[in-house]
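Right, one structure below, let's go through it.
The values are calculated or read from the model by the stated rules, or taken from the named source; none is laboratory data. Keep in mind it's a predicted model, so treat the numbers as computed, not measured. FYI the Cβ positions are ideal-geometry reconstructions off the backbone, even for glycines, and counts take in every protein chain you see. The accessibility values were calculated without ligands, DNA or RNA, using every heavy atom of the protein model including side chains. Shrake-Rupley method; radii C 1.70, N 1.55, O 1.52, S 1.80 Å.
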Amino acid sequence: MLLECTLAGESWPLREPFEISRGVMTEIKVLVVRLRDEQGRSGYGEATGVPYKGETQATMAAQIEAVRGRLQVDLGSADLMTLLPPGGARNALDCALWDLRAKQAGRSAWQMAGLSRVDPVLTAYTIGLGSEADVRRKIRAARHLPLLKLKADGTRHLDMVRFAREEHPAARLVIDANQAWSRELLERILPELQAQGVELIEQPVERGHDAALDGLSSPIPLAADESCVDRGSLPELVGRYQYVNIKLDKSGGLTEGLALAREAKRLGFGLMVGNMGGTSLAMAPAHLIAQECAYVDLDGPMLMSADRSPAMRYEGAMLEGAEVGLWG
């Protein structure tokens, strides 16, 4: 017997346009999967996909449709790993399966993941690129938040840090280049980034060109984002990055995300968890990964005009566990 699988494409407007080195977004488009068993119990998962790999609602839906006939009632997360590659389609299915299995077992997803407890976590708040006036305004509005993640590109980098230091002097700072820098640029601006107290640099160079970092002795830890997909990515990152940013859309779900976290820790990497944007339904499973992370970037709903109900609860920058009825 097959699990009933329903797909729904949704669009969630952002509070204001959000710019990174690859472009400007005004909304987050997600694919929601519902898996329903013969007893009427349903599990839900949400994915935005990996846009720089060409994933869209349509491509994710097509991937799921192609395996619909293999979604048996006894489907396990390990089975999904063989059905679909890493990416948004597998993420949505895997998270829906975790939610369904938790409901069937009468246990929470965090218990099924082997966690002893789930605590609130401090999330970074992301400041996108824009005009100086807009960036300063956004930073001023975030003065109550202790950890800012600054987007950067090939020309707007040190200025972003300067704006943050002038408008929110007490903030802890992470900067994310989204692949926009060269080794030469990184080396040139590292001293000033260090002087300004930047704690972490995300993905300075283009994915696939990580060898450009060979031999670099950076005073600031580097985190692999686009270059880190799943456990298979890790060997190429050793010695080049000190942290990995785990995103469930990249890894293809919570199952691989948890395994990736374990293997990355074994290899000596520090852990960060991030998101591709999305509602609380996407943040809830990632919150389990966050329990092991030094850096958490699960601010997706904070950037949107609205969220689901029930939703994850944000107390300032502290992200609480999932509300009953949301997920897991």
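Less than 14 Å Cβ to Cβ from Q291, Lys/Arg counted +1 and Asp/Glu -1: what total charge do the surrounding residues give?
Details: positive: R117, R262, K265; negative: D119, E292, E320.
Counting the neighbours of Q291, the net charge comes to 0.
Counting only residues at least eight positions apart within a chain, or on another chain, the lysines with an alpha carbon under 18 Å from that of K149 are K138, K247.
Which of rounded, prolate or oblate describes the stretch 279-328 when judged by the alpha-carbon gyration tensor and an a/c cut-off of 1.5? Oblate is the answer for the stretch 279-328, as a/c is 1.5 or above yet b/c matches or exceeds a/b. Note that the stretch 123-140 has calculated 3J(HN,Hα) couplings of 9, 5, 10, 8, 10, x, 5, x, 5, 4, 4, 5, 5, 4, 4, 5, 5, 4 Hz, one per residue in order, obtained from phi through the Karplus relation 6.51 cos²θ - 1.76 cosθ + 1.60 (θ = phi - 60°); glycine and proline are x.
Counting DSSP beta bridges in the chain, what percent are antiparallel, to the nearest 5?
Expressed as a percentage, antiparallel bridges in the chain total about 55.
Using only the heavy atoms of the protein chains and a 1.4 Å probe, how would T26, T255, T82, T279 rank by accessible area, largest first? Let's see the in-between values first.
Numbers: T26 85, T255 35, T82 110, T279 0 Å².
The residues order as T82, T26, T255, T279, largest area first.
Tell me, what % of the accessible area of the stretch 215-277 is carbon and sulfur with a 1.4 angstrom probe? For the stretch 215-277, the apolar C and S fraction of the accessible surface comes to 47 percent.
Placing a label point 7 Å from the Cα of T155 along the Cα-to-Cβ direction, the residues of the stretch 115-135 whose backbone N falls under 16 Å of that point are 129-133.
Counting 0.36 nm for each residue step from M1 to E184 and taking away their Cα separation leaves a gain of 60.1 nm. If R0 is taken as 56 Å, the Cβ-Cβ distance between S42 and R137 corresponds to a FRET efficiency of 0.85.
Mean silhouette area of the chain, derived from the convex hull of its C-alpha atoms and averaged over all directions, reads 15.4 nm².
So what are the stretch 254-307's ellipsoid semi-axes, whole angstrom, largest first, if each one is the square root of 5 times an eigenvalue of the alpha-carbon gyration tensor?
On the way: eigenvalues 109, 23, 10 Å².
Three semi-axes, in Å: 23, 11, 7.
Spin-label pair S309-A8: with each label point 7 Å from Cα along the Cα-Cβ axis, the two points sit 1.5 nm from one another. Computed over protein heavy atoms with a 1.4 Å probe, the accessible surface of the chain works out to 40 Å² per residue. Treating r as the C-beta distance of A66 and R107 and R0 as 35 Å, the FRET efficiency rounds to 0.65. Between the C-alpha center of the stretch 205-280 and that of the stretch 35-105 there is a gap of 23 Å. Each of S233, L213, Q203 was scored by the projection of its Cα onto the charge dipole of the stretch 177-251, and the greatest displacement toward the positive side belongs to S233; charges sit on the C-beta of Lys, Arg, Asp and Glu.
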